[in-house]
């Protein structure tokens, strides 16, 4: 439905899972014109032992997904996300009507006769499957944002191996809450760079803090998530990070 998609890892029913979801449609959802949730559950032929997709099956799964998008998605059916877990890949859609859904899926997957699948639909005018299952929670969304910043650094030639000062922004409802946050994260080695104050919004009192770290994919979550959680404890919000490019 939009071009703003991303993925994140989680556990579904106690098993490893990976969700790929349209984040951009959240701003417009639920669409009153698309009250029917429809799905296709594809049983993978060569899943990994943990139930996720394998490199061996990557090309085949991409081909199937392209066929699904080309044949099932139009103005009346929107693809909003997929979940991979337990040896299956589940595709989720919202539609104006599901009257012809079964037949369209059968026709789309007929060329892939080696694959088993199930399909169905139900009324979901509030888009509960999208909001309650597919969308990431706050911590997973921060992990996604961390990865996006790392990707932006790489596009500018950064190898993500050099230490450098990383700045972080958090905002609070009161100066006292910002003080308490700063006191907590100072014990983690963070220093205050500035204390911006806005004249708009509920979270007016800022804390710009800094620490020397490596902004790598494997490290940045360990840097930011403690700040994210500390800001929440003090009624505030973590608002992201930035650093200079080290080419």
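Between residue 48 and residue 154, the C-beta separation translates, for a Förster distance of 35 Å, into a calculated FRET efficiency of about 0.85. Can you figure out the FRET efficiency of residue 13 with residue 165, using R₀ = 45 Å and their beta-carbon distance, to the nearest 0.05? It comes to 0.60. For the chain, the longest principal axis of the Cα atoms and the long axis of helix 138-155 meet at an angle of about 80 degrees. Between the alpha-carbon centres of segment 152-172 and segment 97-150 there is a gap of 33 Å.
Helix 175-186 axis versus longest C-alpha principal axis of the chain: approximately 90°, rounded to the nearest ten.
Angle of helix 58-72 to the longest C-alpha principal axis of the chain, folded into 0 to 90 degrees and rounded to 10: 70°.
Protection proxy ranking, highest mean first, for peptides 186-194, 80-88: 80-88, 186-194, where packing is the per-residue count of other beta-carbon atoms within 10 Å, averaged.
Taking Cα pairs under 8 Å and at least six residues apart, what relative contact order does the chain come out at, in percent? This gives 19 percent for the chain.
Within segment 5-134, all pairs of alpha-carbon atoms sorted by distance into 5 Å bins from zero give the percentages 2, 10, 21, 24, 20, 15, 6, 1, 0.
Every number in this text was worked out from the coordinates using simple rules, so none of it is lab data. Source: prediction; values computed, not measured. Heads up, the Cβs are rebuilt from the backbone with ideal geometry, glycines too, and the neighbour counts pull from every protein chain shown.
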